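S.K.: Encoded as structure tokens, here's the structure I'll be asking about.
Bear in mind that the values in this text are calculations on the coordinates, not laboratory data. What you see is a predicted model, and the numbers here were worked out from it, not measured in a lab. Neighbour counts are summed over all protein chains in view; Cβ atoms, including those assigned to glycine, are modelled from backbone coordinates with ideal geometry.
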Amino acid sequence: MSSATKNAFLSLAIERQALKFGAFTLKSGRTSPYFFNAGLFASGGDLHRLGECYAATLVENNADFDMLFGPAYKGIPLATATATSLFTQFNKDVPVAYNRKEAKAHGEGGNIVGAPLQGKVMIVDDVITAGTAIRESIDLIQQQGAEPAGVLVALDRQERGSGELSAIQQVQADYNIPVFAIANLTDLSNFIKNDDQLSVYNEKIAQYRAQYGIQA
Ligand code: OMP
């Protein structure tokens with residue numbers, strides 16, 4: 001994938017403090033020297049630029065899919081922004097859908113909003129931490145008779161889950177689908193290498209990777 005896409009994403013994330021450096025307790029209980037919070041891309045401009053990075057990642061990887069699906073809640077604006085960028089940047093008008101967390105019994109009913117789930121469905125989300133939300137999305141897609149085509153996330157932390165594999169590698173292995181990331185921890189570490197203020201965190205990141213990182 002092009003370094004221009006990775007760099008555009010990483011500089012925006014750092015600018016918006018969606019990527020923070022310090023000491024953060026993760027869901028796993030690990031203390032991480034960095035944390036990614038996609039909820040901080042919170043303006044039309046931010047979502048537009050982020051959508052361009054997601055869309056470019058799909059196109060640069062020649063990803064094979066018919067439509068996009070954004071899991072509630074964080075995946076919803078991300079899949080939408082990706083769909084609009086696929087149209088404006090790449091002239092691809094693909095259907096987009098998302099789920100409600102709670103099924104509606106009245107009105108239009110059901111828990112899928114937007115295009116019906118059919119064909120090869122690409123799931124768009126922020127990060128894969130334990131893989132629970134992604135597994136739920138895959139179940140939902142299969143229940144509708146559609147096929148999961150892959151997962152697209154912003155950042156791959158490249159760290160082990162409970163075993164040797166990362167949650168991303170586990171999803172790839174269990175479902176035999178690709179997982180694409182705009183950038184991974186190696187990209188982040190290279191990106192901050194020459195930054196006067198942030199390069200100091202590379203030592204902590206290296207220590208963290210030695211302890212929890214996946215095999216290269
Ligand atoms: P959603 O974005 O709501 O799916 O949550 C993702 C989970 O991953 C949350 O529990 C976050 O606290 C967690 N998380 C991040 O969002 N960013 C990170 O860099 C690391 C984690 C994590 O806890 O591993």
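S.K.: Quote the relative contact order of the chain in percent (integer), defining contacts as alpha-carbon pairs under 8 Å separated by 6+ residues.
M.R.: 18 percent
S.K.: Oh, and also: Scattering from the C-alpha atoms of region 127-216 alone, worked out with Debye: what is log10 I(q)/I(0) at q = 0.14 1/Å?
M.R.: Here the Debye-derived log intensity ratios amount to -0.56.
S.K.: Shifting gears a bit: With a cut-off of 8 Å between alpha carbons and a minimum separation of six or more residues, what is the relative contact order of region 95-216 in percent?
M.R.: That works out to 20 percent.
S.K.: How long is the gain from LYS101 to ASP139 if the chain were fully straight, where each residue apart is worth 0.36 nm and the alpha carbon distance is subtracted?
M.R.: 12.3 nm
S.K.: Amide H of GLY110: which non-local residues (sequence gap of 5 or more, or other chain) have their own amide H closer than 5 Å, using H built in the peptide plane?
M.R.: So GLY110 has HN proximity to LYS104.
S.K.: Provide, as a two-decimal number, the C-alpha radius of gyration of region 3-49 over 2.2 N^0.38 Å, N being how many residues it has.
M.R.: 1.27
S.K.: Still on this model: What Kirkwood radius, in Å to one decimal, follows from the Cα pairs of region 175-216?
M.R.: That comes to 11.8 Å for region 175-216.
S.K.: Further question on the same structure: Running a GNM on the chain with Cα contacts under 10 Å, which residue among LYS92, LYS74, LYS20 ends up with the highest mean-square fluctuation?
M.R.: LYS92
S.K.: Hey, another quick one. Within a 10 angstrom radius of the beta carbon, how do SER32, SER85, SER162 rank from fewest other beta carbons to most?
M.R.: SER162, SER32, SER85
S.K.: As I understand it, the dipole of the chain uses +1 on the Cβ of Lys and Arg and -1 on the Cβ of Asp and Glu, about the Cα centre. Which of GLY51, PRO178, ALA13 lies farthest toward its positive end?
M.R.: Going by the charge dipole, the pick is ALA13.
S.K.: Same structure, new question: Can you tally the lysine pairs in the chain where the Cα-Cα distance is under 28 Å and the two residues are eight or more apart, or on different chains?
M.R.: Taking the Cα cut-off of 28 Å, the pair count is 22.
S.K.: Quick one: compute the contact order of region 158-216, relative version, from alpha carbon pairs under 8 angstrom and 6+ residues apart, as a percent.
M.R.: Rounded, it is 43 percent for region 158-216.
S.K.: Ok, one more. What are the semi-axes of the equivalent ellipsoid for the chain, taken as the square roots of 5 times the Cα gyration tensor eigenvalues, largest first, in whole Å?
M.R.: 29, 20, 16
S.K.: Rounding to the nearest 10 and keeping the result within 0 to 90°, find how far the Cα-based axis of helix 132-143 lies from the longest principal axis of the chain.
M.R.: Between the helix axis and the principal axis of the chain, the angle is about 20 degrees.
S.K.: How far is helix 44-60 tilted off the main Cα axis of the chain, in degrees rounded to 10, range 0 to 90?
M.R.: Once rounded, the angle reads 90 degrees.
S.K.: In addition: Just to check I understand the Karplus step: with θ = phi - 60° and J = 6.51 cos²θ - 1.76 cosθ + 1.60, what whole-Hz values come out for region 158-168, glycine and proline as x?
M.R.: 6, 10, 5, x, 7, x, 7, 7, 7, 4, 5
S.K.: Oh, and also: On a C-alpha basis, how far is the centre of region 42-57 from the centre of region 1-35 in Å? Whole number, if you could?
M.R.: Cα centres, region 42-57 to region 1-35: 16 Å.
S.K.: Students often check this: by mean Cβ neighbours within 10 Å, which of 44-51, 165-172 ranks highest, and how do the rest follow?
M.R.: Packing proxy ranking, top to bottom: 165-172, 44-51.
S.K.: Further, regarding this structure: List, largest first, the extents of the alpha carbons of region 6-89 along their principal axes, each in whole Å.
M.R.: Its Cα atoms span 39, 25, 23 Å along the three principal axes.
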